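Readers should treat all values here as calculations from the given coordinates under stated rules, not as data from a laboratory. Owing to the predicted nature of the structure, the values given are computational and were not obtained by experimental measurement. Neighbour counts run over all protein chains shown; Cβ positions are idealised from the backbone, glycine included.
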């Protein structure tokens, strides 16, 4: 759906260029391409956000692995003692094991949700600022159209149209100036 929308918008833009009165041949359609994902990952703020996210993931993984080991330990204990413990004791151990498994699954789901939320918080603001920087560059340099070079949407673009490095540099400079 997104591909069709991009093709329609591009077609409309290219067709409408012929209808716009041209001031001169020198003032042609100026198009640029930006890889927002690369800009996010290579900007200083993006690198910090990625490091913060990796730190959160590691702390969550440690907790999850600990709970997993407790489950395995209880399973092994239950298997060893299955023949020698009473039915009530076996049932109690099985219930404890089920409780630990439910707790483990809940912790995994909560951790995934927390990581996803944190990722959205960390990257959302950066992407918003990157888009503002792209708009600023477009206005300053007279671009008529800047496309996002998302995977599969732009099949070919001359490297000279790629503004990603410029966007990263200007974004980093703007953030360094605010500190």
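Provide the packing ranking of 154-160, 138-144, i.e. peptides ordered by the mean count of other C-beta atoms within 10 Å per residue, highest first. Working shown, then result.
Working: 154-160: 8.6, 138-144: 12.3.
So the order, starting with the most tightly packed, is 138-144, 154-160.
Using a basic spin-label model with each label point 7 Å from the Cα along Cα→Cβ, how many nm lie between residue 165 and residue 103?
5.5
Given an 8 Å cut-off on Cα distances and at least 6 residues of separation, report the relative contact order of the range 2-178 as a percent. Intermediate results must be reported in sequence, preceding the final value.
Values: 115 pairs, mean separation 84.0, N = 177.
It comes to 47 percent, rounded to a whole number.
Assuming 0.36 nm per residue, please report the length gained on full extension of the stretch residue 30 to residue 153 beyond their Cα-Cα distance.
Numbers: separation 123, 0.36 × 123 = 44.28 nm, distance 1.88 nm.
Extra length from residue 30 to residue 153 when fully extended: 42.4 nm.
Counting pairs of Cα atoms in the range 2-178, how many percent are more than 24 Å apart?
Numbers: 9375 of 15576 pairs.
For the range 2-178, the share of Cα pairs beyond 24 Å comes to 60 percent.
Can you bin the range 113-164 into rounded, prolate or oblate? Criterion: square roots of the alpha carbon gyration tensor eigenvalues sorted a ≥ b ≥ c, rounded for a/c under 1.5, prolate for a/b above b/c, oblate for the rest.
Oblate.
Ranking 104, 171 by Cβ neighbours within 10 Å, fewest first, what do you get? Let's see the in-between values first.
On the way: 104 16, 171 25.
Least to most surrounded, the residues fall as 104, 171.
At 0.36 nm per residue, and after removing the present C-alpha to C-alpha distance, how many nm does the segment from residue 117 to residue 38 gain when stretched out fully?
Numbers: separation 79, 0.36 × 79 = 28.44 nm, distance 2.08 nm.
Going from the current span to full extension adds 26.4 nm.
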